[in-house]
Amino acid sequence: MLLSSDAYSYRSGVLYCEEVPLDEIARRAGTPCYVYSSRAVLNRFRAYKGALEGFPHLVSYAVKANSNLALLRLLAEAGAGFDIVSGGELFRVIQAGGDPSRVVFSGVGKTPAEIEYALKSSIYAFHCESEGELGLIEALSARLGVRARVALRVNPDVDAGAHPYISTGMREHKFGIEMAEAESLYRRAQKLPHLSLEGVSCHIGSQILEVEPLLEALDRLLELARRLRQAGLPIRHLDLGGGLGIPYRLSDAAPNIAEFVKQVRRRMEGQDLFLILEPGRSIVGEAGVLLTTVLYRKPGATREFIIVDAAMNDLLRPSLYQSHHEIFAVRQSLRGTVRADVVGPVCESGDFLALDREMPNALPGDVLAVWTAGAYGFVLASNYNSRPRPPEVLVEADRWRIVRARETYEDLIRGESV
């Protein structure tokens, strides 16, 4: 199969990440193993950043997509801000050298401890999703003697067309405040002395392959900002969230980052608003692969099984979202293809990486690369079946390093007692 990208390509029948053969990483780091291309991450971040050159903005990487410290450091050094949804993510950003003053805190269920930690860290802004949350931030800010910058996350009631689990912009979802209620809530919140209410925010979902829903949401946000300003409210920034999709199938046509941002910029020109974007998947998704080794071939009554050493605890997306990830042989062969299910060792019938897939005719010992695994891969990994989580590797040109060690059995019981 023809395959070439800015990060991964075949050379003499061997799959490379940048200048490093993936079979070398598999041999030395073992499998399963996550591998990330620094080049791919930076290229996509710079596509956002470059399209906004000269326009007041903050590109806040969505930490939930992949929170590895080495990737956060890479992005911080490139000038990224960060979008967080927990106190733990804020801790990671700070440990990686990120600037808290370039952090926005999203999420529907912030705890008092998380809010206090963020206030003490002097983050850029909170994106609030309920009147109760506004009241809590006001009380904690008063106790600490600080003033918190706040935006309301509104629900523009725009269908992103994504999987129901990752759609967040419709009225029936738990996220955001209804547009019809937003203006009256802004007026009430303006009276709280320890809040600086100066932004409007939304996020309509993830893995969006058509930009029209995002632009529709932007138009609704701009209209809301205009009404709020006419009412005397000092709206200074607009956060459109993230959501751009990536090509999980080779046949997918994903949005061009720079072209999308240019359309956003054209709508924003002359509005005197600071723009915040929160890309996650579109920065790291295509940068990562999961390497896994074939353990067994097993003919079943109705289908063939390729049993590998990676499982649903390593990559949950296929089981959770019925998502598609292309799978390639790290070393090409002349064996042809086979139609099979690619399954892992976990004791669940839902433990699979691919179902009824035309696959390289891989035999025990062959290494496979599960494609587009850089986003929502390791961050969703677990220790189910008491399986240690895999290592993470960062490739930089012709060098690679382990940026998270493989867990050991001792790690599995750390903190437990009998």
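Any residue in segment 30-53 that is in contact with a Lys or Arg (Cβ under 7 Å, 6 or more places away or on another chain) and under 21 Å from A125 (Cβ atoms)?
Scanning segment 30-53, I find at least one residue that is in contact with a Lys or Arg (Cβ under 7 Å, 6 or more places away or on another chain) and under 21 Å from A125 (Cβ atoms), so the answer is yes.
On the given criteria, is A76 buried (at least 18 other Cβ atoms within 10 Å of the Cβ), assigned to a helix (DSSP H, G or I) and touching a residue at least 40 places away in the same chain (Cβ under 8 Å)?
Considered against the rule, which asks whether it is buried (at least 18 other Cβ atoms within 10 Å of the Cβ), assigned to a helix (DSSP H, G or I) and touching a residue at least 40 places away in the same chain (Cβ under 8 Å), A76 comes out as no.
Inside segment 85-102, can you point out the residues that are of a type in the set (S, T, N, Q) and outside any helix (DSSP H, G or I)?
Within segment 85-102, just S86 meets the criteria.
Going residue by residue through segment 341-349, is there one that turns out to be among the small types (G, A, S) and buried (at least 16 other Cβ atoms within 10 Å of the Cβ)?
Scanning segment 341-349, I find at least one residue that is among the small types (G, A, S) and buried (at least 16 other Cβ atoms within 10 Å of the Cβ), so the answer is yes.
Which count do you get for residues in segment 237-267 that are surrounded by fewer than 18 Cβ atoms within 10 Å (Cβ to Cβ) and either in contact with a strand residue (DSSP E or B) (Cβ under 6 Å, 6 or more places away or on another chain) or not in a loop (DSSP other than H, G, I, E, B) (or both)?
Number of matching residues: 7.
Taking into account only those residues within segment 268-287 that are among the aliphatic types (A, V, I, L, M) and assigned to a strand (DSSP E or B), which is nearest to the chain's Cα centre (by Cα)?
The selected residue is L277.
Quick one: which of G285, G270 is more than 30 Å from R227 (Cα to Cα) and either in contact with a strand residue (DSSP E or B) (Cβ under 6 Å, 6 or more places away or on another chain) or not charged (D, E, K, R) (or both)?
None of the other options fit; the residue is G285.
What is the number of the single condition among (1) crowded, with 19+ Cβ neighbours inside 10 Å; (2) assigned to a helix (DSSP H, G or I) that S60 does not meet?
Among (1) crowded, with 19+ Cβ neighbours inside 10 Å; (2) assigned to a helix (DSSP H, G or I), S60 violates only (2).
If you scan segment 276-306, which residues turn out to be in contact with a Pro (Cβ under 7 Å, 6 or more places away or on another chain) and among the hydrophobic types (A, V, I, L, M, F, W, C)?
Passing the criteria: L290, L291, V294, L295.
Yes/no per residue for (1) surrounded by 15 or more Cβ atoms within 10 Å (Cβ to Cβ); (2) within 30 Å of P364 (Cβ to Cβ); (3) touching a helix residue (DSSP H, G or I) at 6+ places or on another chain (Cβ under 8 Å); (4) not acidic (D, E):
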site	(1), (2), (3), (4)
E24	no, yes, no, no
Y36	yes, yes, yes, yes
L42	yes, no, yes, yes
R46	yes, no, no, yes
N66	yes, no, yes, yes
A70	yes, no, no, yes
S86	yes, no, yes, yes
V93	yes, no, yes, yes
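What number of residues in segment 372-414 are of a type in the set (F, W, Y) and under 19 Å from the mean Cα position of the chain (by Cα)?
2
Would you point out the residue of segment 155-181, among those that are of a type in the set (G, A, S) and either closer than 30 Å to L250 by Cα or surrounded by 20 or more Cβ atoms within 10 Å (Cβ to Cβ) (or both), that is modelled with the highest pLDDT?
G176
Given the conditions (1) under 18 Å from V393 (Cβ atoms); (2) in contact with a strand residue (DSSP E or B) (Cβ under 6 Å, 6 or more places away or on another chain); (3) hydroxyl-bearing (S, T, Y), which single one is not true for Y48?
(1)
Kindly establish whether G232 is buried (at least 17 other Cβ atoms within 10 Å of the Cβ) and either over 30 Å from R147 (Cβ atoms) or not hydroxyl-bearing (S, T, Y) (or both).
Judged against the criteria, G232 is not a match.
What strands (runs of 3 or more DSSP E) lie completely within segment 318-418 and have 1 or more residues being among the acidic types (D, E) and touching a residue at least 12 places away in the same chain (Cβ under 8 Å)?
337-343, 352-360, 392-396
Here is a check on your reading of the model: is R220 modelled with pLDDT under 95, in contact with an Asp or Glu (Cβ under 7 Å, 6 or more places away or on another chain), under 19 Å from D157 (Cα atoms) and part of a helix (DSSP H, G or I)?
Against the criterion (modelled with pLDDT under 95, in contact with an Asp or Glu (Cβ under 7 Å, 6 or more places away or on another chain), under 19 Å from D157 (Cα atoms) and part of a helix (DSSP H, G or I)), R220 does not qualify.
The values are calculated or read from the model by the stated rules, or taken from the named source; none is laboratory data. Owing to the predicted nature of the structure, the values given are computational and were not obtained by experimental measurement. Please note: Cβ atoms are built from the backbone with ideal geometry, for glycine as well, and neighbour counts cover all protein chains shown.
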